[in-house]
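> Please find one structure pasted underneath; my questions will follow.
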Amino acid sequence: MNSKERIAYLRGLLDFLPKEEKETKIYSAIAEALESLALELSEQTKLLERQSEDYDSLAEEMDELHEAVYNLEESVGLVDTDDADYDDDDMDELGGVTESYISMTCPSCAYSFYYKYEESKGNDRLICPSCGEEFARTL
């Protein structure tokens, strides 16, 4: 019997037992209900601890993955590490670089990628980095 069922049983004892029999059975039922609640609380605490550990592990893996992707992008030249190339207009109030990228999906292969709008202002065509298909840029 779970805690909810034990408490319902206790409610039934309170409502329907004669006064002489109530005391002993009620105390016994209260003790069982409390034991059941304590057991369920313990199980929930263990589950929460496991989930917290899993979350921490996933967060660490995500940090490692983010760092690996950044290093990969940097190694192929997708990340510009030279801050001298940026104007004051490109910097936010915290000193971070703010560039505008636009997300596109290739109509041929459905590959999603980002491109800098400023770099392709004069060109109405884009080339998919995955399949090489040229397609019209639409905004």
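> Take GLU49 and tell me if it is assigned to a helix (DSSP H, G or I), surrounded by 10 or more Cβ atoms within 10 Å (Cβ to Cβ) and modelled with pLDDT under 75.
No.
> Then there's this: What pairs come out if I take residues in the stretch 11-23 that are in the same structural domain as LEU34 (by TED's automatic domain parsing) and pair them with residues that are modelled with pLDDT of 75 or more and not polar (S, T, N, Q) whose C-beta lies under 7 Å away, six or more apart or interchain?
Listed by first residue and then by second, the contacts come to LEU13/LYS25; LEU13/ILE26; LEU13/ALA29; LEU14/ILE26; LEU17/LYS25; LYS22/LEU13.
> Can you tell which of GLU5, GLU32, GLU73 is surrounded by 11 or more Cβ atoms within 10 Å (Cβ to Cβ), within 26 Å of TYR101 (Cα to Cα) and of a type in the set (Asp, Glu)?
Exactly one residue qualifies, and that residue is GLU73.
The values are calculated or read from the model by the stated rules, or taken from the named source; none is laboratory data. For clarity, every value in this text was computed on a predicted model and none was experimentally measured. Cβ: placed from backbone, ideal geometry, glycine included. Neighbour counts: every protein chain shown.
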